[in-house]
Amino acid sequence: QVQVVESGGGLVQAGGSLRLSCAASGSIVSVGVMSWYRQAPGKQRDLVASITKIRTTNYADSVKGRFAISRDNARNMMYLEMNSLKPEDTAVYYCKAAVATPPSNRFNDFWGQGTQVTVSS
């Protein structure tokens, strides 16, 4: 069993900052790519940023220069530093982790339950 849990969401004024955290735990052999997605009401879930085990990063154009993704491999943790927040960043933010589990050691994707980020104008 693998659990993925996000934390750090909340309400912030436009221009403010928030830091999200994601923790993967359980029967883990290895954690591969970790990603942040977000879903606003009535919209599809979109990729915000991703980071590989060797810390290669990828960002959606809408957050480049404002958001920074990072990870701690030793603790199976991932973070999203969000700066210069805009009302259009309001969404539920989800963590996805590619995790290899025993006994197959195959990678499967695991999702967290999401954390709400609300940016007021």
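Put Glu81, Glu88 in order of accessible area, highest first, and with a 1.4 Å probe you get Glu88, Glu81.
Share of carbon and sulfur in the accessible area of the chain stands at 48%, probe radius 1.4 Å. Positive end of the dipole of region 35-105 (Cβ unit charges, origin at the Cα centre): among Ile69, Thr56, Ser104, the Cα lying farthest that way belongs to Ser104. Each Lys and Arg contributes +1 and each Asp and Glu -1, all at the Cβ; summed about the Cα centre of the chain, the dipole is approximately 180 debye.
Highest GNM mean-square fluctuation among Asn105, Asn83, Asn73, for the chain modelled with Cα contacts below 10 Å: Asn105.
How do Trp36, Trp111 stack up against each other in accessible area, from largest to smallest, with a 1.4 angstrom probe? Please report the intermediate quantities before stating the final value.
Values: Trp36 0, Trp111 105 Å².
From most exposed to least exposed: Trp111, Trp36.
Provide the FRET efficiency to the nearest 0.05 for the Thr52-Ser121 pair, computing r from the beta carbons and using R0 = 41 Å.
Numbers: r = 35 Å, r/R0 = 0.85.
In this case the efficiency is close to 0.70.
The values are calculated or read from the model by the stated rules, or taken from the named source; none is laboratory data. What you are looking at is a predicted structure, and each value in this text was computed from that prediction instead of being measured. Reconstructed Cβ throughout: ideal geometry from the backbone, glycine too, with neighbour counts over all protein chains shown. Accessible surface is based on the protein model in full, side chains and every heavy atom, while ligands, DNA and RNA are left aside. Shrake-Rupley method; radii C 1.70, N 1.55, O 1.52, S 1.80 Å.
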